[in-house]
Each structure stands twice: as structure tokens, then as C-alpha cells.
1. Please report the projected area of the chain's Cα convex hull averaged over all directions, in nm².
2. For A145, enumerate residues with amide H under 5 Å from its amide H, sequence gap 5+ or separate chain, H modeled in the peptide plane.
3. Select from K141, K133, K20 the residue whose mean-square fluctuation is largest in a Gaussian network model of the chain (Cα-Cα springs shorter than 10 Å).
4. Give me the net charge for the shell around V49: Cβ to Cβ below 12 angstrom, other residues only, Lys and Arg +1, Asp and Glu -1.
5. If I build a Gaussian network model for the chain, linking alpha-carbon pairs within less than 10 angstrom, which residue out of V46, V29, V11 has the largest mean-square fluctuation?
6. For a quick check, take a GNM of the chain with Cα springs below 10 Å and name the residue from I88, I68, I16 with the largest mean-square fluctuation.
7. Counting other C-beta atoms within 10 Å, which of L119, L104, L33 has the fewest, and how do the rest follow?
8. Check which residues have an amide H placed less than 5 Å from V131's amide H, if you skip close sequence neighbours.
Amino acid sequence: MTTDFPVLHYVGVPRIDLNKWTFEVSGEVAHHLILSHAELMALPSVILVSDFHCVTGWSRFDNRWEGISFNEITVRCNPLESARFVTISCDDNYTTSLPLDQLLDDDVLLAYAHDGRPLAPEHGGPLRLVVPKRYAYKSAKWVRALKFTTEQEIGFWEQRGYSNSADPWKEERFGRP
Ligand SMILES: Nc1nc2c(c(=O)[nH]1)N[C@H]1C(S)=C(S)[C@@H](COP(=O)(O)O)O[C@H]1N2
Ligand SMILES: [Mo]
């Protein structure tokens with residue numbers, strides 16, 4: 001376990017101008033959304049405490065995440081029957097994807113604060129996904145867009161050999177060809 005919070009990403013921390021920043025929801029949805037930072041911050045918020053497990057072996061326990069429940073987004077975009085997966089795209093061109101039913105779990109959120117402070121840029125500020133029941137490569141930092149899809153698009157690390165299902169309790173670290 002670890003009490004400090006390791007920083008892990010494959011390129012540098014992107015420089016983000018909040019005045020130009022938007023959050024977009026597209027694909028298999030009834031309502032395509034484009035929200036400014038202010039509009040996103042005005043949505044109802046939740047605080048959820050969860051553990052964080054990196055596939056390389058470290059975990060950080062009892063993170064107090066504050067942000068927008070994933071459910072809150074689906075209430076607004078209204079996914080179509082055909083929506084089964086969601087691709088998450090980030091400012092560093094990182095992507096990952098998850099089945100929609102896993103994102104609807106009540107511990108999943110788009111977080112903008114961690115342990116009582118605004119989420120630091122190196123940890124994904126202004127907005128990151130948090131999926132406690134999956135390895136942390138599913139918890140995308142610097143999230144800019146969600147795309148609801150019928151077929152699953154394979155993400156950055158998943159294309160490079162990490163498990164697509166990413167369940168830490170089953171120790172699903174690596175994908176099978
Ligand atoms: N956009 C983006 N999100 C990302 C990554 C990345 O490289 N880019 N790395 C992932 C990996 S492998 C881990 S372990 C966690 C690390 O989060 P942290 O740096 O806040 O500890 O972020 C995940 N989210
Ligand atoms: Mo990771």
C-alpha cells in the first residue's frame with residue numbers, strides 16, 4: 001500500500017485552459033452534450049471514498065473523491081438502447097473504454113477534487129474518471145469526452161497488452177491474445 005499518491009501517465013501533464021475547456025458527450029445518446037467548465041461544476045456533486053489499485057502493484061486506500069456521479073451524466077444525455085460501451089478520451093490523447101453497466105455502478109464518478117482539495121493537474125485535474133472496481137488505467141485523467149458506442153473501442157493500454165476487463169480481485173492484469 002502507499003500513503004502518498006504516486007503519479008503515473010505515459011506523457012506529460014497537459015496544459016489546460018479552462019476558458020476553452022469543454023466536456024463533450026456524444027455517440028449513441030438522445031442528447032449530445034457540450035458543457036463548459038462552469039456548466040459542469042454546476043451539476044449536483046457527490047463525495048465517494050474508495051481505494052485505487054494500479055496494475056503495477058501499488059494501491060492507495062481511502063481516497064475521498066468529489067465530483068459528478070456517472071449516473072448524473074446519463075440522466076442528461078439519455079443513452080439509446082444501442083449504447084453498450086463508453087470510450088473516454090483525454091487531453092493527452094489517452095483513451096480507455098468500459099461497458100456502460102460498469103460505469104453505472106454507484107461508486108463511479110467524474111472527479112474534480114481529491115481529499116478535500118481541487119484535483120491536482122498531475123492527478124488528472126480538472127476532471128478525471130474514477131472506477132474503483134477496475135485497475136487504475138481505467139480511471140482516465142484529463143477527461144474531455146465520452147462517446148457511447150455499440151461495440152467496444154479498445155483503449156490505449158488495452159491495445160498494448162493490459163487486460164480489457166481489468167478486475168483487480170481476479171488480478172486481470174494482462175490481456176489474452
Ligand atoms: N489521461 C491519462 N489517464 C491515465 C493515465 C494516462 O497515462 N493518461 N494513466 C493511467 C494509469 S496506468 C494509472 S495507474 C493512473 C494513475 O493515476 P495517478 O497518476 O493519479 O496516480 O492513471 C491512469 N489514467
Ligand atoms: Mo497504472
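Values in this text are rule-based calculations from the coordinates and carry no lab data. For clarity, every value in this text was computed on a predicted model and none was experimentally measured. Virtual Cβ from ideal backbone geometry, glycine too; neighbours counted across all protein chains shown.
1. 9.6
2. Amide H to amide H, under 5 Å and 5 or more residues apart or across chains, A145 pairs with E24, S89.
3. K20
4. Cβ neighbours under 12 Å give a net charge of -3.
5. V11
6. Checking each option, the largest mean-square fluctuation is seen for I16.
7. The fewest-first ordering by Cβ neighbours comes to L104, L33, L119.
8. Here the answer is S139, since their amide H atoms fall under 5 Å of that of V131.
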